[in-house]
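Worksheet: one structure, shown below.
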Amino acid sequence: MSSAAGVVAQEVLDEVNGAEVREEHDQRKQEQKDRMEATNRETLLRILYQMVLIRRLEEKAAESYSLGKIGGFCHLYIGQEAVAVGALSALRPDDYVLTSYREHGHAIAKGISPDEVMAELYGKAGGCSSGKGGSMHLFDANVNFLGGHAIVGGQIPLATGVAFASKYRGTDQVTLCFFGEAAVNQGAFHESLNMAQLYKLPCIYICENNQYGMGTSLERAMSLQDVSQKACAYDVASEFVDGMDVLAVREATERAVARARREQLPTLLEIRTYRFMGHSMSDPGNYRTRAEIEKYQERDPIKLFTASLKEKKLLDDQALADLEQRVRGEVDAAVRFAEESPEPAPEELFTHIYANQ
Amino acid sequence: MAVLTMRDALNQAMREEMHRDENVFLMGEEVAAYQGAYKVSRGLLQEFGDKRVIDSPITELGFAGLGVGAAMVGLRPIIEFMTFNFSILATDQIINSAAKMLYMSGGQFKVPIVFRGPGGSAYQVSSQHSQAIESWYAHFPGLKVVMPSTPADAKGLLKSAIRDDNPVIFIEQERMYGNKGEVSEDEEFTIPLGVAEVKREGTDATIVARSLMVPLALKAAEELEKQGVSCEVVDPRTIRPLDIDTIIESVRKTNRVVVAEESHPFCGVGAEISAQIMEHAFDYLDAPVRRVSGVDAPTPYAKNLENLAIPDVQRIIAAVREVAYLD
Ligand SMILES: Cc1ncc(C[n+]2csc(CCOP(=O)(O)OP(=O)(O)O)c2C)c(N)n1
Ligand SMILES: [Mg+2]
């Protein structure tokens, strides 16, 4: 790999050294604060709106789950909203997204309507996957949202192939692939990064490091815990990012998108985050202390972002109340849509098994 | 018509389809520069370039998944496994991704992809390199499974598989690449998936055989003819969807059935065919269906043991004589 691409990768790789990266990152954060004013206010408010919408929609989903209206596994994204929202805000509408089963946030941020997301959780015909996928398998071809995948790491080779197709066709579309840190231990991750750099594919691998795979902490499962460093093994560019800072996520993704679009090169972003809820609705979460959770809740991404918007006088209490009100209306409407949407017809059991049948 | 080996017939199918549709590409281990581990892709790199004929690292799960992702957004990958033994590493992507994508996306994402390569028994390569795993794939709705037994079938079926909008598992018998036969040179020559062919007509017993078992069944039928037993040989060609109608039609005529297969008997395709015959044609049977399968043991290395592990003409003859109550 001795092309211009390799040079870029090397530069970034040189930065990837634990403490140094973090120090640099703090600096960058200061710069971001300054740049916030430069970012168009509408964009900033849309980012806030999306994060709040995802949060409230999931709070509502949790309620419906407890009432037995949503079944199966339901993995909430609460605490991690800044990752999906920040990253997807750096994309064009025709770019592709693939992710894991913890994907309500990504689906909303990519533009699937809250109605169709909620209806899918309810297993209704009006859901974005016609009720056949459920919480873990949201899909929408109209917004290039290529799923929710429930085999840990399974979406990583798929995303690599989607990026391969963009390059094959000569489009400049970029593919974003999200996965948890536990997926990094799967062969699929390593096989994909190797191929992505080998074939020079416009794929951005986003590891949402929430520090737990179900009940197993990162420390108990990973020999080298600095995920971003793993990119070195494949000569892939990488960055470590604070996932509680939505603008930091946005900017890191923008850099990766530029690399993918202009140079057809992959990037690995390790975005450090935390999930405030259990692994899924059925997880009592005994493996973490209350103190640990509270420590991260102080850095709740919505709280942080709201505070800095207020500080910069881009948001006041009234505007925030209006936003909450608007979100509440949408969530209520989504629940109504889901409740009223019919169940899939029994014949649907046997449709969509084969194409053209 | 031209006389071609199975290998060249497959090569021609890929070449023609790659000319026909630029979304078709071939990826796998050693398919490009090395010209194919079994030379099935000979010349394709030179003809289509390295954009469309791509050497992959030894990373079966990875490149199988890459293919599925590319197919989701409209390319038509041919993913070659050096042998189907190694497809076992890719089963997650084949079964959990390819087979289910259309369904769980509520019909939004089809996966037009062919996974192909040699499978079944080879010569003295022991347990990990000599096995028939079609029943694994045939088990799953969403996949199609094809196993040709002649060069003509190989070409016609592979062309259909490439044009099909569904994931197709295309298993070429490793021992049969050198087999020769007449093959149409018409670029529009295809054979539909899911249609069996009666390879030999007969009246006294039906032998259902696929892949390597077809030439053996035909030989057995020749022998049996001399012994006064007229055998019909039915080759399903596609395991899923299975053309059970053609099989049943034959059973109604002969009333006696032997299913010959290389794979292990337990939970095998032969078991499925036997069950379906019982369900659809019980009243037409004059004897229980007999299976002639590979033995219920891993394939051994030693030549004498290997010969015992895989069905041969004699075992097929014996089974037919048994269902005909001749012995
Ligand atoms: C191959 C596979 N093994 C096990 C599971 C069960 N499982 C589901 S999620 C999960 C933990 C994954 O953690 P991580 O990748 O960090 O993602 P997170 O849930 O934290 O978002 C496990 C073990 C699975 N779905 N797939
Ligand atoms: Mg995790």
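The values are calculated or read from the model by the stated rules, or taken from the named source; none is laboratory data. No experiment lies behind these values; they were computed from the predicted model shown. All Cβ positions, even for glycine, are placed from backbone atoms using ideal geometry, and neighbour counts span all protein chains on display. For accessibility, only protein heavy atoms count, side chains too; no ligands or nucleic acids. Shrake-Rupley method; radii C 1.70, N 1.55, O 1.52, S 1.80 Å.
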Check your understanding: Which of the residues spanning the range A:79-91 are open to solvent by 10 Å² or more (accessible area, probe 1.4 Å) and in a loop (DSSP other than H, G, I, E, B)?
Key -> A:S89, A:A90, A:L91
Practice item. Determine, yes or no, whether A:A321 is surrounded by fewer than 20 Cβ atoms within 10 Å (Cβ to Cβ) and over 30 Å from B:D164 (Cβ atoms). Key: yes
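Only helices (runs of 4 or more DSSP H) wholly contained in the range B:1-114 count here; list those with 2 or more residues that are at the interface with another protein chain (Cβ under 10 Å from one of its Cβ atoms) and more than 22 Å from A:S166 (Cα to Cα). So that I can check it myself, show each step before the final result.
Working: elements: B:6-20, B:44-48, B:60-72, B:101-104.
Ranges flagged: B:101-104.
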Check your understanding: Of everything in the range B:273-303 that's open to solvent by 90 Å² or more (accessible area, probe 1.4 Å) and charged (D, E, K, R), which residue is nearest to the chain's Cα centre (by Cα)?
Key -> B:R291
Point to revise | Restricting the range B:313-327 to residues that are touching a residue at least 40 places away in the same chain (Cβ under 8 Å) and open to solvent by less than 60 Å² (accessible area, probe 1.4 Å), the residue that is farthest from B:A260 (Cα to Cα) | key: B:A324
Study note, to complete from the structure: If we keep only residues of the range A:214-229 that are of a type outside the set (D, E), closer than 27 Å to A:G278 by Cβ and assigned to a helix (DSSP H, G or I), then the residue most open to solvent (accessible area, probe 1.4 Å) is A:R220
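Within the range A:148-163, work out how many residues are facing chain B (nearest Cβ under 7 Å) and either surrounded by fewer than 24 Cβ atoms within 10 Å (Cβ to Cβ) or modelled with pLDDT under 95 (or both).
Residues flagged as facing chain B (nearest Cβ under 7 Å) and either surrounded by fewer than 24 Cβ atoms within 10 Å (Cβ to Cβ) or modelled with pLDDT under 95 (or both) within the range A:148-163 amount to 1.
For the range B:16-36, name all the residues that are under 22 Å from B:T150 (Cβ atoms) and within 20 Å of the chain's Cα centre (by Cα).
Result: B:E17, B:G36.
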Review point. Can you find even one residue in the range B:115-122 that is within 14 Å of chain A (Cβ to nearest Cβ), touching a strand residue (DSSP E or B) at 6+ places or on another chain (Cβ under 9 Å), under 20 Å from B:F63 (Cα atoms) and in a loop (DSSP other than H, G, I, E, B)?
Key: no
Exercise for review: Specify the residue that is nearest to the other protein chains (Cβ to nearest Cβ); the eligible residues are those in the range A:169-195 that are more than 24 Å from A:Q80 (Cβ to Cβ) and among the small types (G, A, S).
Suggested key: A:G187
Revision key, fill the gap. Over the range B:157-176, the set of residues open to solvent by less than 20 Å² (accessible area, probe 1.4 Å) and either outside the structural domain of B:M14 (by TED's automatic domain parsing) or farther than 23 Å from B:A64 by Cα (or both) is B:M176
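Here's the yes/no breakdown for (1) free of Cβ contacts under 8 Å to residues at least 60 places away in the same chain; (2) in contact with a strand residue (DSSP E or B) (Cβ under 7 Å, 6 or more places away or on another chain); (3) open to solvent by 40 Å² or more (accessible area, probe 1.4 Å):
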{"residue": "A:D300", "(1), (2), (3)": "no, no, no"}
{"residue": "A:L315", "(1), (2), (3)": "no, no, no"}
{"residue": "A:F337", "(1), (2), (3)": "no, no, yes"}
{"residue": "A:Q357", "(1), (2), (3)": "yes, no, yes"}
Exercise for review: Taking B:M104 as the residue in question, decide whether it is under 12 Å from the mean Cα position of the chain (by Cα) and among the hydrophobic types (A, V, I, L, M, F, W, C).
Suggested key: no
Practice item. Being outside any helix (DSSP H, G or I) and in contact (Cβ under 8 Å) with a residue 60 or more places away in the chain is the filter; apply it to the range A:176-193 and report the residue that is farthest from ligand 2 (Cβ to nearest atom). Key: A:L176
Practice item. Select from the range B:245-262 the residues that are closer than 20 Å to B:A132 by Cβ and open to solvent by 10 Å² or more (accessible area, probe 1.4 Å) and list them in ascending order. Key: B:E262
**Study point:** From the options A:I156, A:I204, residue that is part of a helix (DSSP H, G or I) and within 29 Å of A:M277 (Cβ to Cβ)
**Key:** A:I156
Review point. Can you tell me which residues in the range A:178-209 are under 20 Å from the mean Cα position of the chain (by Cα), within 11 Å of ligand 1 (Cβ to nearest atom) and not hydrophobic (A, V, I, L, M, F, W, C)?
Key: A:G180, A:E181, A:N185, A:Q186, A:E208, A:N209
Check your understanding: Which residue, of A:S129, A:S135, A:S166, is of a type in the set (G, A, S), touching a strand residue (DSSP E or B) at 6+ places or on another chain (Cβ under 9 Å), in a helix (DSSP H, G or I) and within 12 Å of chain B (Cβ to nearest Cβ)?
Key -> A:S166
Point to revise | Those strands (runs of 3 or more DSSP E) lying entirely in the range B:134-183 with at least 3 residues within 21 Å of B:A122 (Cα to Cα) | key: B:168-173
Check your understanding: Pick from A:I108, A:I47, A:I78: which is within 16 Å of ligand 1 (Cβ to nearest atom), of a type in the set (V, I, T) and more than 14 Å from chain B (Cβ to nearest Cβ)?
Key -> A:I78
Check your understanding: Among (1) more than 14 Å from ligand 1 (Cβ to nearest atom); (2) out of contact with any strand residue (DSSP E or B) (no Cβ under 6 Å at 6 or more places or on another chain); (3) assigned to a helix (DSSP H, G or I), where does A:L265 come up short?
Key -> (3)
